[in-house]
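Notes for the one structure printed next.
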Amino acid sequence: MMILRAFYRVVLFLLAVGGSAMLQSYAAPEKGDLSIAEKVNSFVERLEELIDAEVGGDEDVTMDVMEKNDGESGGDSWLPQTRQAGCSSGYQMHNGICYKAFNTPKNFGDASSTCAADGGTLAMPKDAGTNAFLLSLKNAVHRPGWFWFGLVDQHQEGGWEWIDGTPLGSYRSWGPGEPNNLGDEDCAEYFPSAWNDAPCSKADRKFICQKIPAGCPDGYVYHQPSHLCYKAFNDKKTYNAAVATCASAGGTLAMPRDTATNKFLIYLKNAVDNNAWFRFGLTDHRQEGGWMWQDNVALGSFRAWGPGEPNNLGNEDCAEYFSGAHSSHSNTWNDGPCTRADRKFICQVAPSGCPSGYQQHGRNCFKAYGDKKSYDDAAAVCRVAGGSLAMPRDPATHQFLITLKNQVERATGFWLGFNDRSQEGGWRYADGTRLGSFQPWNTGEPNQYGGNEDCGMINRHPNNKWNDQGCSSQLNFICQTSLQVVESCGGNLPGSAGIFISPGYPQTYSDNQKCRWFINVPPGHVVRLTFLDFDLENRYDHVTVLDGCTNRELGKFTGTSRPSAVSSSGRTMEVVFTTDHSVKERGFKARYYAVAGSGKREMPAPEERELGEPNEDDEKEMLEEDLGMLENNILSEKKEYGLE
């Protein structure tokens with residue numbers, strides 16, 4: 001069978017290069033007016049189908065043979081890759097993150113400033129594969145050179161942390177006897193290949209930056225732990241003026257609710273100006289001592305006030321960071337006057353729509369990757385975007401993934417997000433739920449060929465069926481992440497689709513809130529708004545929906561009944577959430593999307609796909625997904641209690 005398949009492959013190659021005359025005679029008659037390239041594609045597709053029909057279409061046989069040779073493949077997956085979609089000029093992608101080694105000597109702070117201006121941070125080699133990739137980048141620039149990367153113990157001696165605020169994990173690559181803190185050494189570098197601690201002021205070090213393409217506005221940096229974008233501004237403003245600047249990008253002043261985010265913001269602000277004081281989104285202007293985040297959620301248990309702060313010395317109602325150079329209160333919180341115009345500030349905004357390079361289908365975003373990885377390495381790439389390997393639970397999603405993968409590579413298989421590693425035959429999705437009734441396995445699959453096929457994949461075109469495969473095999477893969485949810489008290493909501501929630505959802509919202517969201521979809525469309533969940537205090541708390549063009553009230557909703565869908569007359573809509581001073585409920589979760597001006601759902605143009613809508617009717621699609629997940633849960637419960 002393999003000899004026969006190889007013979008057909010040779011025939012395919014010879015025919016594909018045989019010129020237009022041969023194509024004219026073999027191509028489908030209705031394609032006679034296509035370009036040469038289109039005829040080649042058409043003919044190759046038809047011949048591929050003939051090959052598969054001739055040899056039985058048993059894709060898994062080929063994959064099983066590949067698996068036997070899996071251990072013989074070269075271990076060069078960490079080597080520098082060519083520039084890929086999502087990386088700006090000079091950057092190279094590894095596991096979903098873009099990196100660049102700079103040949104310019106700078107101290108640690110100035111190197112951080114250069115990365116921030118590029119929309120990134122110093123690189124963080126958190127695993128052996130990334131570390132090897134960064135070494136290859138730096139060595140290509142200057143092999144014996146010393147290069148900064150994003151690891152510090154500035155907050156506590158010996159307490160090494162990545163600059164995103166997360167602690168140094170089990171992976172480390174220190175040189176012999178390092179780190180030794182020989183002369184106040186608080187910043188990490190390659191020296192030249194092992195890690196070393198060095199004084200952050202050393203200005204003869206080169207450096208490596210990283211950027212995560214996640215749909216942030218220009219100049220904003222994506223923070224993976226919080227899944228939000230941040231930018232430290234070098235402008236000085238009052239509190240209200242800073243709020244207005246952040247709102248213009250659809251965001252708020254930054255809200256460091258936890259240790260990791262707080263340390264990351266300190267890194268960002270000091271990269272811009274180590275001597276400046278920076279505002280963030282925390283005030284007690286409504287009630288002295290009643291500190292509230294800008295989204296009207298009360299300050300929680302995490303606090304980073306400086307010694308003796310807050311002290312309300314002269315009507316100080318707005319929070320700010322002390323400068324990094326302050327002698328006694330460095331980088332801690334202070335309460336200051338809201339009206340002072342000599343403070344800089346930090347904004348935050350949620351990534352818009354799907355992450356960069358992803359395409360929306362239903363309430364999820366998907367991306368097919370063209371580089372080959374093992375199942376675990378592919379899953380690690382997906383986690384960078386806050387997601388997992390793709391989990392097709394219904395025919396519509398499965399067909400969408402077929403189209404997506406075939407746009408990248410038609411002649412190879414792709415990893416999907418399900419496996420039976422925990423129990424042979426007990427297939428589960430990457431989120432732990434069992435497979436439902438929708439299981440488009442190829443004929444005879446899963447067959448545990450060779451005794452070690454525990455990971456799920458989709459076969460190449462035109463088979464496009466599921467197969468079990470050895471998890472160490474090198475395949476392309478498809479990632480999935482949820483549509484980004486905007487979590488703020490109001491703001492601008494751009495793009496063709498999105499989800500936003502009331503502050504505090506799904507716990508409880510706060511008293512005395514008035515949040516305004518402004519939805520703005522592309523020209524030629526109107527806004528369609530649907531509520532996915534709705535729970536407000538009846539009569540006293542409400543959501544008002546206004547037409548952006550006419551300011552006409554489209555609906556005013558309260559209570560626990562989920563409102564009907566609402567449509568605007570033009571491309572803009574305003575949503576206002578108002579609460580009183582007493583009872584607090586769960587709040588709401590709402591979804592908006594663009595509809596063609598005629599009122600019919602529009603098929604997105606190819607160039608709009610990244611933020612566009614799925615091809616099927618939205619409500620039907622979401623219902624199918626919900627039913628699929630419900631079926632998975634029912635089957636899981638039946639198996640747990642032996643009711644099958």
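Scanning the range 285-299 for residues that are touching a residue at least 60 places away in the same chain (Cβ under 8 Å), touching a strand residue (DSSP E or B) at 6+ places or on another chain (Cβ under 9 Å) and either in a loop (DSSP other than H, G, I, E, B) or surrounded by fewer than 16 Cβ atoms within 10 Å (Cβ to Cβ) (or both) gives Arg286, Gln294, Asp295, Asn296, Ala298. Would you check which residues across the range 448-464 are open to solvent by 10 Å² or more (accessible area, probe 1.4 Å) and out of contact with any helix residue (DSSP H, G or I) (no Cβ under 7 Å at 6 or more places or on another chain) and list them? Result: Gln448, Gly451, Asn452, Asp454. What do you reckon, is Asp468 among the acidic types (Asp, Glu), over 24 Å from Leu532 (Cα atoms) and out of contact with any helix residue (DSSP H, G or I) (no Cβ under 6 Å at 6 or more places or on another chain)? Judged against the criteria, Asp468 is a match. Within the option set Ser472, Ser422, being assigned to a loop (DSSP other than H, G, I, E, B), open to solvent by 40 Å² or more (accessible area, probe 1.4 Å) and free of Cβ contacts under 8 Å to residues at least 12 places away in the same chain holds for one residue only, Ser422. Under the condition of being open to solvent by 30 Å² or more (accessible area, probe 1.4 Å) and part of a loop (DSSP other than H, G, I, E, B), the residues counted in the range 174-193 number 12. Identify all residues within the range 224-268 that are aliphatic (A, V, I, L, M), closer than 14 Å to Thr121 by Cβ and part of a helix (DSSP H, G or I); write none if there are none. Selection gives Ala260, Leu265, Ile266, Leu268. For the range 442-451, filtering for residues that are under 34 Å from the mean Cα position of the chain (by Cα) and under 9 Å from Asp468 (Cα atoms) leaves 3. Condition (residue is crowded, with 23+ Cβ neighbours inside 10 Å, touching a residue at least 24 places away in the same chain (Cβ under 8 Å) and part of a helix (DSSP H, G or I)) applied to the range 358-379: is it met by at least one residue? Yes, some residue in the range 358-379 is crowded, with 23+ Cβ neighbours inside 10 Å, touching a residue at least 24 places away in the same chain (Cβ under 8 Å) and part of a helix (DSSP H, G or I). Under the condition of being among the charged types (D, E, K, R) and under 12 Å from Asp197 (Cα atoms), which residue from the range 143-173 is most open to solvent (accessible area, probe 1.4 Å)? Only one residue fits best here, namely Glu157. Going by the conditions given, is Asn512 farther than 15 Å from Phe577 by Cβ, in contact (Cβ under 8 Å) with a residue 40 or more places away in the chain, of a type outside the set (A, V, I, L, M) and out of contact with any Cys (no Cβ under 9 Å at 6 or more places or on another chain)? Criteria not met by Asn512.
Residue-wise test of (1) at pLDDT below 95; (2) open to solvent by 40 Å² or more (accessible area, probe 1.4 Å).
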| residue | (1), (2) |
| --- | --- |
| Glu72 | yes, yes |
| Gly86 | yes, yes |
| Met93 | yes, no |
| Lys100 | no, yes |
| Lys106 | no, yes |
| Ala116 | yes, no |
| Lys138 | no, no |
| Val141 | no, yes |
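The one condition from (1) modelled with pLDDT under 95; (2) more than 30 Å from Gly250 (Cα to Cα); (3) open to solvent by less than 30 Å² (accessible area, probe 1.4 Å) that Gly215 does not meet is (2). Only one of the numbered conditions (1) surrounded by 20 or more Cβ atoms within 10 Å (Cβ to Cβ); (2) within 26 Å of the chain's Cα centre (by Cα); (3) closer than 19 Å to Lys367 by Cβ is not met by Gln399, and that is (1). Scanning the range 555-585 for residues that are touching a strand residue (DSSP E or B) at 6+ places or on another chain (Cβ under 8 Å), among the charged types (D, E, K, R) and either surrounded by fewer than 18 Cβ atoms within 10 Å (Cβ to Cβ) or closer than 12 Å to His542 by Cα (or both) turns up Lys556, Arg562, Glu585.
Find the residue count for the range 335-370, including only residues that are of a type in the set (A, V, I, L, M, F, W, C) and within 29 Å of Leu475 (Cα to Cα).
Residues that pass the stated criteria total 4.
Please count how many residues of the range 513-539 are polar (S, T, N, Q), part of a loop (DSSP other than H, G, I, E, B), modelled with pLDDT under 90 and open to solvent by 60 Å² or more (accessible area, probe 1.4 Å). So the count comes out to 0.
The residue pairs whose first member lies in the range 300-321 and is in contact (Cβ under 8 Å) with a residue 60 or more places away in the chain, whose second member is among the small types (Gly, Ala, Ser), and whose beta carbons are closer than 8 Å, counting only pairs six or more residues apart or on different chains, are Cys318/Gly336.
Can you pull out the residues in the range 540-554 that are surrounded by 13 or more Cβ atoms within 10 Å (Cβ to Cβ) and acidic (Asp, Glu)? Those that are surrounded by 13 or more Cβ atoms within 10 Å (Cβ to Cβ) and acidic (Asp, Glu): Asp541, Asp547.
Going through the range 269-282 one residue at a time, which ones are surrounded by fewer than 21 Cβ atoms within 10 Å (Cβ to Cβ) and outside any loop (DSSP other than H, G, I, E, B)? Within the range 269-282, Val272 is the sole residue that qualifies.
Could you please let me know if Pro337 is of a type outside the set (A, V, I, L, M, F, W, C), open to solvent by less than 50 Å² (accessible area, probe 1.4 Å) and on the phi < 0 side of the Ramachandran plot?
The answer is yes for Pro337.
In the set (1) under 25 Å from Gln399 (Cα atoms); (2) open to solvent by 10 Å² or more (accessible area, probe 1.4 Å), Cys382 fails one condition alone, (2).
Among the residues of the range 149-173, those identified as in contact (Cβ under 8 Å) with a residue 40 or more places away in the chain and part of a strand (DSSP E or B) are Phe149, Gly150, Leu151, Val152, Glu161. Here is the figure for the range 331-357: residues that are part of a strand (DSSP E or B) and either out of contact with any Gly (no Cβ under 9 Å at 6 or more places or on another chain) or at pLDDT 90 or above (or both) total 10.
Does any residue of the range 429-440 turn out to be open to solvent by 50 Å² or more (accessible area, probe 1.4 Å) and either touching a Ser or Thr at 6+ places or on another chain (Cβ under 6 Å) or modelled with pLDDT under 90 (or both)?
yes
Going by what's in this entry, would Ala319 be described as surrounded by 23 or more Cβ atoms within 10 Å (Cβ to Cβ) and either of a type in the set (Ser, Thr, Tyr) or closer than 30 Å to Met93 by Cα (or both)? Criteria not met by Ala319. Residue count for the range 476-497 under the criterion of being on the phi < 0 side of the Ramachandran plot, of a type outside the set (Asp, Glu) and either open to solvent by 30 Å² or more (accessible area, probe 1.4 Å) or at pLDDT below 85 (or both): the result is 12.
Return yes when Ser598 is open to solvent by 40 Å² or more (accessible area, probe 1.4 Å), under 25 Å from Gln360 (Cα atoms), at pLDDT 90 or above and of a type outside the set (Val, Ile, Thr) and no when it is not. No, not satisfied.
The values are calculated or read from the model by the stated rules, or taken from the named source; none is laboratory data. Quick caveat: nothing in here was measured; it's all calculated off a predicted structure. Every residue, glycine among them, receives a Cβ derived from its backbone with ideal geometry; neighbour counts consider all protein chains shown. SASA here: full protein model, heavy atoms, side chains in, ligands and nucleic acids out. Shrake-Rupley method; radii C 1.70, N 1.55, O 1.52, S 1.80 Å.
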